[in-house]
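Each remark here refers to the structure printed beneath this line.
Where a number appears in this text, it was derived from the coordinates with a stated rule and is not lab data. Since we're looking at a predicted model, the values are computed, not measured. Cβ coordinates were reconstructed from backbone atoms using ideal geometry, including for glycine residues, and neighbour counts include every protein chain displayed.
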């Protein structure tokens, strides 16, 4: 396996060169400052160091630690793999649907000024919409669940809040004794889902009006609400996945994604950042966009989430409190139909022989066996001991 080629430009390099000038004309929140600092120190000696050892061929390598900030382009792959590993143990032997709930762009100013409140409203009413249709006897008449995750950007870094949802094609009856299956294509018409979502969200937004930081007059607010009532809201529904394990590989592409990766950056020239983007209004064609560097930084930092905000949430039968019991119950119901999943089938074979306290780091680039992280070193240790002495400690 060949290692991925290094990007020609990184977000860290952009921040290192321009953040001093940028902050003279742009104020940063405490969260934004932390994101900038973490990205600039990520995978440098400021974060310390660790060794990786292959359990197969025994090859040893050294690498700087990551900052683990969820907005950092360097840190998402390992976090994604850990998340997928945990979710695979919760899969059911049924089809899954992918839905995307989007709010009209007219709401962007309200969202930007009230991120935490509006993001929470978005999550709550997405789930209320799904729950409304799943519990209705007309459509399913069962308790389902979903994994929902928030994105706030479009391909060109514009502000575009939307929620991706993955839900099983069915649910448990009220007494939990049977699993009811949805229609193979979906459990409700997309137009009906969109209409209900708009109704629920606007009702909730109106109730929170007094808690919003307003940037408009009451008259302007009324005009906005009337316009939103007349607007067609968009809910995208993808046909079910062929196999349950496909859903997490697919969702993994979204869960730990950030506004833009280093690999989409092309060059920094004349104080402009050039990057690749897909224009979905033009059949998803890949194009090149360039933005003034300050505008690029502004757009990137606009997507920093509020402190301690959960961007991935579990609802219904997957909600944390009763998740294990619900999943076990659902599996027993489905087993009566002859539907099961093996650990090998979903990629959960045990990795044996890992020393206590070690962390699985993925496959070895030399032989493909499991690679583990065995030792972590602080900055002071790196300064005190040369690399060859640290290497002897791992032997």
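If you rank 6, 319, 194, 134 by fewest surrounding Cβ atoms within 10 Å, what's the result?
Fewest to most other Cβ atoms nearby, the residues stand as 6, 319, 194, 134.
Global size of the range 1-128: 20.0, 57 Å for Rg and Dmax (C-alpha atoms, Rg to one decimal, Dmax whole). Does the range 42-93 classify as rounded, prolate or oblate by the C-alpha gyration tensor (a ≥ b ≥ c root eigenvalues; a/c under 1.5 gives rounded; else a/b over b/c gives prolate, otherwise oblate)? Here the range 42-93 falls in the oblate category. Between rounded, prolate and oblate, where does the range 251-344 land on the alpha carbon gyration tensor, with a ≥ b ≥ c its root eigenvalues, rounded for a/c under 1.5, else prolate if a/b exceeds b/c? Verdict is prolate for the range 251-344. When 89, 240 are arranged by Cβ crowding within 10 Å, least crowded first, meaning fewest neighbours, the order is 89, 240.
Run the simple label-point estimate for residue 185 and residue 365 please: 7 Å along Cα→C-beta, distance reported in nm. About 4.7 nm separates the two model spin labels. Over the chain, DSSP H runs of length four or greater, each weighted -39,500 (n - 2.57), average out per residue to a 222 nm ellipticity of -11500 deg cm²/dmol.
Label separation (residue 219 vs residue 21): 4.3 nm, computed from points 7 Å beyond Cα along the C-beta direction.
Report relative contact order for the range 153-194 in percent, whole number only (criteria: Cα-Cα under 8 Å, sequence separation at least 6).
Numbers: 22 pairs, mean separation 10.0, N = 42.
So the answer I get is 24 percent.
Once you sort the root eigenvalues of the Cα gyration tensor of the chain as a ≥ b ≥ c, which label holds: rounded (a/c under 1.5), prolate (a/b larger than b/c) or oblate (the other case)? Don't skip to the end; give the middle numbers.
Numbers: a/c = 2.15, a/b = 1.16, b/c = 1.85.
Judged from the Cα gyration tensor, the chain comes out oblate (a/c at least 1.5, b/c at or above a/b).
Taking neighbour counts of Cβ atoms within 10 Å as a proxy for exposure, in what order, fewest first, do 289, 30 appear? Walk me through the numbers on the way to the answer.
Values: 289 17, 30 8.
Fewest-to-most ranking of 289, 30: 30, 289.
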